[in-house]
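Asker: Below you'll find the structure I mean.
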Amino acid sequence: MGKNLVYKILETHLVEGKLEPGAEIAIRIDQTLTQDATGTMAYLQFEAMGVAQVKTELSVSYVDHNTLQDGFENADDHRYLQTVAAKHGIRYSKAGNGICHQVHLERFGRPGRTLLGSDSHTPTGGGAGMIAIGAGGLDVAVAMGGGPFYLACPRVIKVNLTGRLSPWVAAKDVILALLEKLTTKGNVGCVVEYAGPGVATLSVPERATITNMGAELGVTTSVFPSDEVTKAFLRAQKREDQWVPLTADPDAPYDRTIDLDLSSLVPRVAKPHSPDHIATVKEVAGTRVDQVMVGSCTNSSYRDLMLVASVLKGRRVNPDVSFGIAPGSRQVLEMIAKNGALADIIASGARILESTCGFCIGSGQAPKTGAVSVRTSNRNFEGRSGTKSAQVYLASPETAVAAALTASITDPRDLGIAYPEITLPAEFWIDDSMILLPSDKPESITVFRGPNIGDPPKSDALADTIKGVVAIKVGDKITTDHIMPAGSRLKYRSNIPKYAEFVFEGVDAQFSKNALENKKAGVHNVIIAGASYGQGSSREHAAICPMFLGVKAVVAKSFERIHAANLINFGILPLTFVNESDYEAVKAEEKVEIRDIQAALKAGKDLLLTTTSGKTVSLKYSLSERQKDILFAGGMLNYTRSRSA
């Protein structure tokens, strides 16, 4: 029996374990990336490990999230990132050079390599044939120090693509169609592998749009074959020597196969407030639109912006629409400036924004009260835009520019405009001068530390009895944005005591204060949650800050992969109900107790949670022996230090 593409790449990087679905494996990581919202803590943790130089083939530190200089904090952290990169063998992409995933795809993505990034949209690299996985910053720090990355060996879902996209139907519509089919829940432990004759009709940037938003499925990653299209993309980036052909064997096995005819697709949107709340554009056509934003790591490539510029040429944005465009990289911005497309965009009345994450993470461009905002980004969680009452629709650049012209959600096929066919250039403009190489004299570098930077918080060894209170009870699909708000709050990412003041800020404004008071009184905090707890961003602060506040366990119906791993890394027990109906039996603010934890974990037995009202609830867990040892030690840093000793 042959091998699928996922297992072919994993096999060449396997360090521990067997390639059997569900078993824990460890793989060697070739490349890492960080961004400034998660990277500061990742490098503080890397420094704490005492490793002089990174041991990966390539590690890159990007500044793309917190570029608003509102106070000294972001500028200070950027200087820290630049100096720590120079000292420890890491490349540093300066603010203005672009969004990490777009730049990495352009300049560093290599077929067959493994990439671990402290950002949940790291799977963008799968568009170039990489196994690219998002993780918490501590896992990335360990990989930079030469340690392997542990994960559950995935089940592989084959998406067999046939046909060709029709005019005005985009790669975004492909992933929206898949989200409609698979939803954001129930896909943990899977990888999506694309195959079939339709693959050859998609450019690498289009493939990257699909793998980028694969993160919303909850899968570990997504990957495309490396073929002649990949080779042409690398040749245009002057990196053809890095190309290798990669494809699955004809008789490769898969856990599931989904057939998707590209020619049958129509323009789609994700309605508020979830990426899997899908409708066709026709179904919501006529909805008034106040704001349109084109950009983010999902849709800010040269191909995307050339499409938008071609539609806008000689036309004006509707006066009732606030329209912003953020190129994904300096390469893209420079190219559309040189060929005149940028002038066409400006002449239309669009606002040109920085080549950063910006509006996607609620850092600027918050819509007005009750606004409808059409965006090409990847998430539309309630309040993520910076305006809680806003209604955010996710759409392709084609559908977004149609909304900008008409001030309503409009099927772009109804514009009456000839579809502009965009051809990728044979050669991209190359200038890596804003990617700084590490120092060849690292001993001479002094790492800058501003007053907002603290040490990684310490955690205690796992208690044998958790005796405390349900500090908060939440429902399904709680995202890391719910737990740790982004936007302007991100500037406190390296100051855990301050950032912890905002845990669950938009859900229960008193949570942090109450939890800290419980901790000071010696009372443990427990969180009760519904299904898919921890969706969204990989930001490990959604585990670090609760740990700082004394949270010892989260009991949920189910967890998303990255967040569950982050909880373990910071010594918080991720537990699930044996019977999901028991979720109703545990009340907020109720006193609870979980006894004999260590003995039960060692024996592989279920745990029992008892409440003051006399109820007993059975709890299970999905932990490898290594993860149990991490919890016993009180988290990954303690575990790593003990092993080093």
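Bear in mind that the values in this text are calculations on the coordinates, not laboratory data. From a predicted model like this one, the values you see are computed outputs, not experimental measurements. Quick reminder, even Gly has a Cβ in these numbers, built from the backbone with ideal geometry, and neighbours come from all protein chains shown.
Asker: How many percent of Cα pairs in the stretch 373-483 exceed 22 Å? It would help to have the intermediate numbers written out before the result.
Answerer: Numbers: 4336 of 6105 pairs.
Cα-Cα pairs of the stretch 373-483 separated by over 22 Å account for 71 percent.
Asker: Let me check the size of the chain from its C-alpha atoms; what are the radius of gyration and Dmax in Å?
Answerer: According to the Cα coordinates of the chain, Rg and Dmax are 23.6, 72 Å.
Asker: Return the tail of the calculated pair distribution for the stretch 1-141, meaning the percent of Cα-Cα pairs more than 21 Å apart. Display every interim value, and only then the final one.
Answerer: Values: 4241 of 9870 pairs.
So the pairs more than 21 Å apart make up 43 percent of the total in the stretch 1-141.
Asker: Checking the table 467/520; 172/271; 172/238 against a 18 Å threshold on Cα-Cα, which pairs fail? It would help to have the intermediate numbers written out before the result.
Answerer: Numbers: 467/520 14 Å; 172/271 14 Å; 172/238 27 Å.
Pairs exceeding the cut-off: 172/238.
Asker: Using only the alpha carbons of the stretch 466-644, what is the convex hull's orientation-averaged projected area in square nanometres?
Answerer: 9.8
Asker: Semi-axes of the equivalent ellipsoid for the stretch 1-66, please: Cα gyration tensor eigenvalues, times 5, square-rooted, ordered largest first, whole Å. Don't skip to the end; give the middle numbers.
Answerer: Details: eigenvalues 177, 42, 26 Å².
Over the Cα atoms of the stretch 1-66, the semi-axes work out to 30, 15, 11 Å.
Asker: OK, next. Which value, in debye to the nearest 20, gives the size of the charge dipole of the stretch 466-644 about its Cα centre, when Lys and Arg are +1 and Asp and Glu are -1 at the Cβ? Intermediate values should be presented prior to the final figure.
Answerer: Numbers: 25 positive and 18 negative charges, 115 e Å.
Computed charge dipole of the stretch 466-644: roughly 560 debye.
Asker: Taking 56 Å as R0, compute the FRET efficiency from the Cβ-Cβ separation of residue 423 and residue 595 and round it to 0.05.
Answerer: Working from the Cβ atoms, E equals 0.25.
Asker: Quick one: which of 368-377, 517-526, 431-440 comes out on top by average Cβ neighbours within 10 Å, and what's the full order, highest first? All intermediate terms of the calculation are to be shown ahead of the outcome.
Answerer: Working: 368-377: 21.6, 517-526: 17.0, 431-440: 13.9.
Highest to lowest by the protection proxy: 368-377, 517-526, 431-440.
Asker: Follow-up question, since we're still on this one. Work out the FRET efficiency for residue 585 and residue 605 from their Cβ-Cβ distance, taking R0 = 30 Å, and round it to the nearest 0.05.
Answerer: Working: r = 20 Å, r/R0 = 0.68.
Computed FRET efficiency for residue 585 and residue 605: 0.90.
Asker: Among all the aspartates and glutamates, which ones have a C-alpha under 13 Å from residue 513's C-alpha, if same-chain residues fewer than 8 places away are not counted?
Answerer: Straight-line reach from residue 513, under 13 Å: 501, 505.
Asker: A further question on this structure: Rounded to the nearest 20 Debye, what is the dipole magnitude of the chain about its Cα centre when Lys and Arg each give +1 and Asp and Glu each give -1 at the C-beta?
Answerer: Working: 69 positive and 69 negative charges, 127 e Å.
The calculation lands at about 600 debye.
Asker: Once the other residues with Cβ under 13 Å from the Cβ of residue 76 are scored (Lys, Arg +1; Asp, Glu -1), what is the net sum? Write out the running numbers ahead of the final one.
Answerer: Details: positive: 79, 449, 491, 493; negative: 36, 70, 73, 77.
So the environment of residue 76 carries a net charge of 0.
Asker: Using 7 Å Cα-to-Cβ label points, what is the residue 520/residue 448 separation (nm, one decimal)?
Answerer: Result: 3.5 nm between the two label points.
Asker: Taking only the alpha-carbon positions of the stretch 123-278 and ignoring solvent, what does the Debye formula give for the base-10 log of I(q)/I(0) at q = 0.13, 0.16, 0.20 Å⁻¹?
Answerer: Once normalised to I(0) and log-transformed, intensities are -0.62, -0.94, -1.35.
Asker: Once Rh for the stretch 462-515 is found with the Kirkwood sum over Cα pairs, what is the Stokes-Einstein diffusion coefficient at 20 °C and 1.002 mPa s, in µm²/s? Working shown, then result.
Answerer: On the way: Rh = 12.5 Å.
Using the Kirkwood radius from Cα pairs, D works out to 172 µm²/s.
Asker: A further question on this structure: Over all alpha-carbon pairs of the stretch 90-180, lay out the pair-distance distribution in 10 Å bins, whole %, shortest bin first.
Answerer: Spelled out bin by bin, the stretch 90-180 gives 13, 38, 33, 13, 2 percent.
Asker: Please report the projected area of the stretch 161-244's Cα convex hull averaged over all directions, in nm². If you can, show how the numbers build up before the last one.
Answerer: On the way: hull surface 23.7 nm².
The number I arrive at for the stretch 161-244 is 5.9 nm².
Asker: Can you tell me the order of 452-462, 52-62, 80-90 when each peptide is scored by its average per-residue count of other Cβ atoms within 10 angstrom, highest first?
Answerer: 80-90, 52-62, 452-462
Asker: At q = 0.12 Å⁻¹, what log₁₀ I(q)/I(0) does the stretch 454-566 have when each alpha carbon counts as one equal point scatterer in the Debye sum?
Answerer: -0.37
Asker: Something else: Quick one, what does Rg over Rh come out to for the stretch 268-413 if you take C-alpha atoms and the Kirkwood Rh?
Answerer: Numbers: Rg = 13.7 Å, Rh = 14.7 Å.
Expressed as Rg/Rh, it is 0.94.
Asker: Hey, another quick one. Amide H of residue 196 versus every other amide H placed in the peptide plane: which residues, excluding those fewer than 5 positions away on the same chain, fall under 5 Å?
Answerer: Long-range HN contacts for residue 196: 161.
Asker: While we're on this one: Taking the Cβ of residue 2 as the centre, find all other residues whose Cβ is under 14 Å away and add up their charges (Lys, Arg: +1; Asp, Glu: -1). It would help to have the intermediate numbers written out before the result.
Answerer: Values: positive: 3, 8, 158; negative: 11, 193, 249, 251.
Local charge sum for residue 2: -1.
Asker: Which order do the peptides 12-18, 23-29, 66-72 come out in when sorted by mean C-beta neighbours inside 10 angstrom, highest first? All intermediate terms of the calculation are to be shown ahead of the outcome.
Answerer: Working: 12-18: 14.1, 23-29: 19.1, 66-72: 15.7.
Ranked by mean Cβ neighbours within 10 Å, highest first: 23-29, 66-72, 12-18.
Asker: On to the next question. In the stretch 141-180, whose amide N lies under 17 Å from the spot 7 Å out along Cα-to-Cβ of residue 257? List them in ranges.
Answerer: Counting only backbone N, you get 156-163.
Asker: Between residue 458 and residue 339, what FRET efficiency comes out of the Förster formula 1/(1 + (r/R0)^6) with R0 = 60 Å and r the beta carbon distance, rounded to 0.05?
Answerer: On the way: r = 54 Å, r/R0 = 0.90.
In this case the efficiency is close to 0.65.
Asker: Only residues of the stretch 283-307 count here: report those whose backbone N is under 18 Å from the spot 7 Å along Cα→Cβ of residue 320, or say none.
Answerer: Hits in the stretch 283-307 for residue 320 at 18 Å: 284-293.
Asker: Just the number, please: percent antiparallel of the DSSP beta bridges in the chain, rounded to the nearest 5. Mind dumping the intermediate values first?
Answerer: On the way: 28 of 87 bridges.
Roughly 30 percent of the DSSP beta bridges within the chain come out antiparallel.
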